[in-house]
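Everything below concerns the one structure shown next.
The values are calculated or read from the model by the stated rules, or taken from the named source; none is laboratory data. Owing to the predicted nature of the structure, the values given are computational and were not obtained by experimental measurement. Ideal geometry is used to build each Cβ from the backbone, glycine not excepted, and the neighbour counts take in all protein chains shown. To get the accessible areas, we keep the full protein, side chains included, count just its heavy atoms, and leave off ligands, DNA and RNA. Shrake-Rupley method; radii C 1.70, N 1.55, O 1.52, S 1.80 Å.
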Amino acid sequence: MPLGRIEPIASVLGLRLSLRLYPAGQPLRDAPQLALLDRLRAHLHPSLRWVPEAALPGAGDLRAWDIGIHGADWWYFYDAETRIRDVQAIQRRTALKRRDSHTDRVGLLLADTRFHRDLLRSLGGPLVEGALPESEVLRALAEGRDPGGPSVLLL
C-alpha cells in the first residue's frame, strides 16, 4: 500500500503515522576504517594503551578522535580516513579538534593508496600543519615514546 494512503487510514483510527528507516546492506559500514586503525595498532609498543573514540575534553562536546593512544604521561590522537574527499574539510576539522584538545599530538591516519600518495604530493605542503616525518613518528610509537608533534601516517 502506498504511504500516501496509510496516513488517512491511520488518522481515521486515531493514530499518527510514524516512519523509521534502517540501513540496508552490511551492518558494519566502517570496516575499512577499523582495518586501517588495526594497521596502526600493529606498529605500537605493547606498553601503549589504545582508546577508541577518544572524546574531546570540553563539557558537552560530542566530537571524538577515532583513536587515542596513551603513554606513561602523554596522549596522542588520530582520525582515520580511508579516502579523503574534501581536503579543506579535513584540515579544518583536524585544526579545530587539535585546538579544542589543547595538544599538538594529533594526526591523520590515511589508507596507503595511490590516491592518497598523489594527493599528498600535490598539496605542496603538509596536510596537517607542522607534521613530523612519518618514519620518526612510527619509530617513536613502536618504541613506546611520545612522537612529540602532529603527523600524517600512510598505512
- Message: From the protein chains alone at 1.4 Å, what is the descending order of accessible area for Trp65, Trp75, Trp50, largest first?
- Response: Trp75, Trp50, Trp65
- Work from the charge dipole of the chain (Cβ charges, +1 for Lys and Arg, -1 for Asp and Glu, about the Cα centre) and give the residue of Gly144, Ser18, Pro46 farthest towards its positive end. Ser18
- From the phi of every residue in the range 42-53, what ³J(HN,Hα) in whole Hz does the Karplus formula 6.51 cos²θ - 1.76 cosθ + 1.60 yield, where θ is phi - 60° and glycine or proline is x? 5, 8, 8, 5, x, 6, 7, 8, 10, 10, x, 6
- Message: So if I restrict to the alpha-carbon atoms in the range 87-141, what is the Rg, and what is Dmax, the biggest pairwise distance, in Å?
- Response: 11.8, 33
- Query: Between Arg114 and Asp30, 0.36 nm times their residue separation minus their Cα-Cα distance comes to what?
  - Reply: 28.2 nm
- Message: Explain nothing, just the number: dipole magnitude of the chain about its Cα centre with +1 on each Lys and Arg Cβ and -1 on each Asp and Glu Cβ, in debye rounded to the nearest 20.
- Response: 500
- Would you calculate, for the chain, the mean residue ellipticity at 222 nm contributed by helices, counting each DSSP H stretch of 4 or more residues as -39,500 (n - 2.57) and dividing by all residues, to the nearest 500? -10500 deg cm²/dmol
- Note on the structure: Taking Cα atoms only, Rg over Rh for the range 1-148 with Rh from the Kirkwood formula is 1.17
- Note on the structure: With x for Gly and Pro, the residue-by-residue ³J(HN,Hα) of the range 66-82, computed from phi through the Karplus equation 6.51 cos²θ - 1.76 cosθ + 1.60 at θ = phi - 60° and given in whole Hz, is 4, 8, x, 10, 10, x, 4, 9, 8, 10, 9, 10, 10, 10, 10, 10, 7
- Item | Mean Cα-pair separation over length for the chain, i.e. relative contact order, pairs under 8 Å, 6 or more apart, % | 21
- Sequence-distant or interchain residues sharing an amide H contact under 5 Å with Leu132, placed H: which? Ser151, Val152
- Task: Quick one: accessible surface of Glu7, probe radius 1.4 Å, all protein chains present, in square angstrom to the nearest 10.
- Result: 110
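Of the DSSP beta bridges with both residues in the chain, give the percent that are antiparallel, rounding to the nearest 5.
55
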